[in-house]
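J.: My structure is below; once you've seen it, I'll send some questions.
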Amino acid sequence: MLSSVCNKPDFFSCFDCDFNSVAKSLWECFPKEMMIVRVTERNHYIIEEIKHLQPAEFSNHLISVGKPFRNLLPSPLAEELIVNCTRCVKGGVPVNFEVAGGCFNTGGNQRSFRLLLFPIMHQPGVVSHLLCIVLNSDMTSMTQIATYSEQEVERRVIERTAELVATNLHLTYLATHDGLTQTYNRRHLLDLANTEFKRAARYGLSLCVMMLDIDHFKTINDEQGHAAGDHMLKTLAHAMRSTVRDWDLVGRYGGDEFIIILPETDIQGAQVIAERLSNTLQSARLSVSIGIATLELNDRCIDDLINRADHLLLNAKRNGRNRIECTSYALTA
Ligand SMILES: Nc1nc2c(ncn2[C@@H]2O[C@H](COP(=O)(O)OP(=O)(O)OP(=O)(O)O)[C@@H](O)[C@H]2O)c(=O)[nH]1
């Protein structure tokens, strides 16, 4: 086989690294004579693919797919070629060198040229193939390749960084949100709530904690099934988020119990929000009991407010459900 133009992605994609990506782009897009050379276990080099060759220069039985790469040049240039291949394999970096006054091993045509060897890795630090590009001796081609390679690496780095940022954001979201309702999960809610507590205590701001629980949720699950129950939890979450302000914190405390942290909100303001929420939910035929606690002078941490809100929620349940209970007095929804 004397001539072949092929794109073999498996050379390049077996291990995802920037060199492989650059080598792949060069192989696919660069209009140069190129070869892919396989590095064997004993550090022999075998031609595996040939692209854009000049048949006049290569058309001999020594240079073709499956033949040793060293056949490309006559001795002693062949030895120099192998030394440079080994440098590329060991260093894992591109190597370029001038074949001064050399000729391809066609038994004739003298031609000065440069060879650029580009490592292709199949795992970190292990070079399995070399991309060999034949360049005219002038530096224009080298500069083109260098510029192209730099731009390609830069493009890949930007692409990778964007991918990493997106993945990190997604992972952070998963780690901080409840999968069913997309509200904050308990741990993250408590972290944020603690920060709000410290801020309110430090600057003397008002702060309310609202705890709510769906009435007779077990019966809904038992009678209508868990899918209906799940749907109800999502409806509640949506209603909570659209009732409160953007900077209020909505989180799932566990099961059908939710907490809303209302920074810079006094007890009257919290009651108004609770009533609005209750009314919205009633139109969705959903009833909830709500307990609201407000920051007091002796409070030491957010748990003090949460415990009071929990206690008030229990009172709302005991007093008949579908109710809002606050620190000072009770409201019937
Ligand atoms: N569908 C669904 N059900 C859940 C989920 N998490 C917890 N539950 C159920 O929620 C119910 C919680 O019921 P409780 O709050 O203890 O009691 P209740 O029936 O709501 O009664 P009251 O709160 O006293 O009105 C249990 O049946 C749980 O199995 C969930 O993610 N999806």
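Read-outs throughout are calculated quantities, based only on the coordinates presented, and are distinct from any laboratory measurement. Please read all numbers here as calculations on a predicted model, not as lab measurements. Quick reminder, even Gly has a Cβ in these numbers, built from the backbone with ideal geometry, and neighbours come from all protein chains shown.
J.: Among Thr235, Thr195, what is the fewest-to-most ranking by other Cβ atoms within 10 Å? Intermediate results must be reported in sequence, preceding the final value.
T.: Details: Thr235 17, Thr195 14.
Sorted ascending by nearby Cβ count, the order is Thr195, Thr235.
J.: Ok, one more. Please work out the FRET efficiency for the pair Thr219 and Glu264, using the Cβ-Cβ distance as r and a Förster radius of 35 Å; give the result to the nearest 0.05.
T.: According to the calculation, E is roughly 0.40.
J.: Enumerate by residue number the chymotrypsin sites (Phe, Trp or Tyr not before Pro) in the stretch 224-333 meeting two conditions: DSSP loop (anything except H, G, I, E, B), and at most 14 other Cβ atoms within 10 Å of the site's Cβ. Present the calculation step by step, with values, prior to reporting the outcome.
T.: On the way: sites: Trp247, Tyr253, Phe258, Tyr329; in loops: Trp247, Tyr329.
Answer in residue order: Trp247, Tyr329.
J.: Quick one: if you stick a label point 7 Å off each Cα along the C-beta vector at Lys198 and Asn307, how many nm between them?
T.: 2.1
J.: Can I ask one more? Taking the stretch 261-302, which trypsin sites (Lys or Arg not before Pro) meet the DSSP loop condition and have no more than 11 other C-beta atoms within 10 Å? Working shown, then result.
T.: Details: sites: Arg276, Arg285, Arg300; in loops: Arg285, Arg300.
Passing sites in the stretch 261-302 are Arg285, Arg300.
J.: In nm, give the distance between the simple-model label positions of Tyr173 and Val157, each being 7 Å from the Cα along the Cα-to-Cβ direction.
T.: It works out to 2.8 nm between the two label points.
J.: So how do Ser25, Ser75, Ser278 line up by other beta-carbon neighbours within 10 Å, fewest first? The partial results should precede the final answer.
T.: On the way: Ser25 17, Ser75 9, Ser278 23.
Sorted ascending by nearby Cβ count, the order is Ser75, Ser25, Ser278.
J.: Just to be sure I understand the model, the point goes 7 Å from the Cα along the line to the Cβ. What's the resulting Glu98 to Lys234 distance in nm?
T.: 7.0
J.: Something else now. Beyond 21 Å, what percent of the Cα pairs of the stretch 139-278 remain?
T.: On the way: 5637 of 9730 pairs.
Beyond 21 Å sits 58 percent of the P(r) for the stretch 139-278.
J.: In the stretch 186-332, what percentage of the DSSP-assigned beta bridges are antiparallel, given to the nearest 5?
T.: Here the share of antiparallel DSSP bridges comes out near 90 percent.
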